[in-house]
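The values are calculated or read from the model by the stated rules, or taken from the named source; none is laboratory data. Because the structure is predicted, anything quoted here is derived from the model rather than measured. As a convention, Cβ positions derive from the backbone with ideal geometry for all residues, glycine included, and neighbour counts pool all protein chains shown. SASA here: full protein model, heavy atoms, side chains in, ligands and nucleic acids out. Shrake-Rupley method; radii C 1.70, N 1.55, O 1.52, S 1.80 Å.
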Amino acid sequence: MKMVSLSLGLLILIAGCSGERPRPRPELNGLLRQSVSSRRDPSLAQVWLASLGKRGGRERIELIDLRNRRPVPLPGLNRADAQPISLSVSGDGARIAVVQQRDDRTELFLYRRNAAALQRIPLDPPGVPRSVSLDGSGRLLAVEVSRNGRWDVDLIRLP
Amino acid sequence: MERASGGLLATSQQDPALSGNGKWLAVISDLRGRQTVQLRNVINGSIQALPQLKRHQPHSSPSLSWNGRYIALITQHGRRRMAVIADRLNGRLHPIQLPGGRDPIQVSLAPDAQTLALQVTDQGLWRVEIFDLSDVLEIDRPAGQALSTPPLTPAP
């Protein structure tokens, strides 16, 4: 019995020292804490992190280039009268799908960075979108939609 | 537009996550009152078993790597929420330990499975923290992508 517990202890020790564990990125995590009172809804692409950062009581969509740890401009995306709810970034960082609320309407949008254009994506049949996910190419979108008290997931192919 | 087909027992589907290659869709379904992750093949609608995640519901916030080899999500272990990554190739489950009593809320796995973003609660506030997984997981890269092998030197 003593032998078993000794072996188990040794095993745990070896596992603990093997270094095979997720390593925090302090330089990035410090940056992500700076200048926002809270941050939520992370979406990682290859070298991009999109998230919702709160400043001065207002949440904004931010896209950070992880190579140089700098936010990139997103002209036309963050409207003063809109509250973002959920987001997802494509693999190359070129497209961001956003669910946002404005004037009591919650709608799904696609933002294309190269055109700085925010395009509404209609839901058919109509419903209230919530959580959204883009694939790597940014041409397939999955969105959680509330219809008559039930949550469905719609798949939408985008041009 | 397509609708993700529900399983026979599914009453609702939430928290969708697509794999990088667009072939896999993870959703959280209400199965007999338990929030359980389901992995669907987008092309033929078939559901893949995830035996290593059978326990520890409720599940939430799934996230998939490029080919769907890895699935990251939030599970419940006793009274604590925990982020885990399941490797569908070898059946291993990698727990993500968070120091300091912080609770994970949401997770996002980079398509190559080398980086993880976690939304946590820290003293009542939401934070996003990034973890390097390169010591833990193999790269899940798009099919046909060139490996970083050094170029052959031309013969003299």
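The table for this structure:
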| quantity | calculated |
| --- | --- |
| Kirkwood Rh in Å, taken over all unlike Cα pairs in segment A:84-159 | 12.4 |
| Surface/4 of the Cα convex hull for segment B:13-132, nm² | 7.5 |
| Taking all pairs of distinct alpha-carbon atoms in segment A:25-157, Kirkwood radius in angstrom | 15.2 |
| Surface accessible to a 1.4 Å probe, per residue, for the residues of the protein assembly as shown, Å² | 51 |
| Where A meets B: accessible area buried, both sides, 1.4 Å probe, Å² | 3900 |
| Cβ-placed point charges (K, R +1; D, E -1), dipole of chain A about Cα centre in debye, nearest 20 | 480 |
| Charge tally in the Cβ shell below 13 Å around B:Asp140, where Lys, Arg are +1 and Asp, Glu are -1, B:Asp140 excluded | +1 |
| Cβ-based net charge around A:Ala94, under 14 Å, with every Lys or Arg adding one and every Asp or Glu removing one | +1 |
| Globularity index of the protein assembly as shown, i.e. its alpha-carbon radius of gyration over 2.2 N^0.38 Å | 1.03 |
| Candidates A:Ser86, A:Ser35, A:Ser51, ranked by Gaussian network fluctuation over chain A, Cα under 10 Å, top entry | A:Ser35 |
| Fraction of accessible area attributable to carbon and sulfur, the protein assembly as shown (%, probe 1.4 Å) | 53 |
